[in-house]
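Colleague: For reference, the structure I am asking about is given below.
The values are calculated or read from the model by the stated rules, or taken from the named source; none is laboratory data. What you see is a predicted model; the values in this text were computed from it and never measured. Cβ: placed from backbone, ideal geometry, glycine included. Neighbour counts: every protein chain shown.
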Amino acid sequence: MRGSASGRKIRPSRPALPVALAAVAGSALAIALPATGIGSSLGLAPPRSLALAGIVIITGAYLLALQAGKTIYRRASGRWL
């Protein structure tokens with residue numbers, strides 16, 4: 001990890017990993033559910049490849065912009081919220 005301006009190390013918060021894992025699991029379930037028997041009985045259809053690729057690209061761009069914003073804030077202020 002990179003140190004802050006005051007010399008302290010910035011560590012991820014304790015709930016960061018469980019929250020990230022829950023988000024990935026929920027996303028995987030949402031994508032896989034339409035392909036199951038339960039999904040088809042609910043009238044769900046699997047997303048088209050182009051739509052799925054768009055979701056992945058938009059999400060990745062959002063995460064990159066978020067990380068860049070956090071880095072800029074940390075460098076400008078020398079602290080994290």
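Colleague: Kindly indicate the residue of the stretch 7-48 that is outside any helix (DSSP H, G or I) and surrounded by 10 or more Cβ atoms within 10 Å (Cβ to Cβ) and also modelled with the lowest pLDDT among those meeting that condition.
Modeller: Arg8
Colleague: Search the stretch 42-56 for residues that are without any contact (Cβ under 8 Å) to a residue 40 or more places away in the chain and pair each with any residue that is part of a loop (DSSP other than H, G, I, E, B) when their beta-carbon atoms are under 8 Å apart and the residues are at least 6 apart or on different chains.
Modeller: Ile55/Pro47
Colleague: Yes or no: Ile31 in the same structural domain as Thr71 (by TED's automatic domain parsing) and not basic (Lys, Arg)?
Modeller: no
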